[in-house]
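Take a look at the structure below.
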Amino acid sequence: TSDVHSFDIHSHAASYGLPVTRIKEGWDVEKIYKVTGNEIAKMRDGGCPRLVEINTFRYKQHVGASSDIGIGDRSQEALMKWKNKDPLIEPEGTALLKAAINKELAEAIEYSEISQFPTKDDLLADVY
């Protein structure tokens, strides 16, 4: 069987004139991070709203905890294609993901340690 798609959200968004970026490698966290960061920067720089579509693959049914492989919707081959690239399952990918998370945490901790404590006014800013 082939992957089943019931709705092409990218086509729908494009019909409204929205810029669309598609990421077919939904398992590639580094690519997702880079692409979404670029798209967010474009919006913050005065750009219009954008759509980033990230293809993913669920391992279980929409409702329930069992697999829906074998009932005709999805194939075992398609499932294994995604699982073999999943950074949360694949050891090398897990190591890369942990390294990226640790780096970001270290940067956040360093920033917090060199930053001044907020004033009382800062603490209440934007609180309604």
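All of the numbers you see were taken from the coordinates with simple rules; none came from a lab. Here the structure is a predicted model, which is why all the values come from computation and not from measurement. Note that each Cβ is placed from the backbone with ideal geometry, even for glycine, and that neighbours are counted across all protein chains shown.
The range 85-128 to the range 30-46: how many Å between their Cα centroids? Between the Cα centre of the range 85-128 and that of the range 30-46, the gap is 18 Å. Length available on full extension from residue 122 to residue 102: 0.36 nm per residue minus the Cα-Cα distance, which gives 4.3 nm.
Computed over the chain, the per-residue total of -39500 (n - 2.57) for DSSP H runs of n ≥ 4 gives a 222 nm mean residue ellipticity of -14500 deg cm²/dmol, rounded to 500. Normalising the average separation of contacting C-alpha pairs (under 8 angstrom, six or more residues apart) by the number of residues puts the relative contact order of the chain at 23 percent. Extension gain for residue 59 to residue 110 (0.36 nm times residue separation, less C-alpha to C-alpha distance): 14.6 nm.
Using 0.36 nm per residue and subtracting the Cα-Cα separation, the extra length available between residue 8 and residue 81 on full extension is 24.1 nm. Working note: Karplus 6.51/-1.76/1.60 with θ = phi - 60° gives the range 50-55 the couplings 9, 10, 10, 9, 10, 6 Hz, where Gly and Pro are set to x. Farthest toward the positive end of the dipole of the range 14-128, out of 84, 119, 96, is the Cα of 84, where the dipole comes from beta carbon charges about the Cα centre. For the cross-link pairs 34/83; 34/85; 31/120; 98/120, the ones whose C-alpha atoms lie over 29 Å apart are 31/120; 98/120. Rounded to the nearest 20, the size of the Cβ-charge dipole of the chain about its Cα centre is 380 debye, with Lys and Arg at +1 and Asp and Glu at -1. Put a dot 7 Å past the Cα of residue 45, heading toward its Cβ, do the same for residue 28, and the two dots end up 2.2 nm apart.
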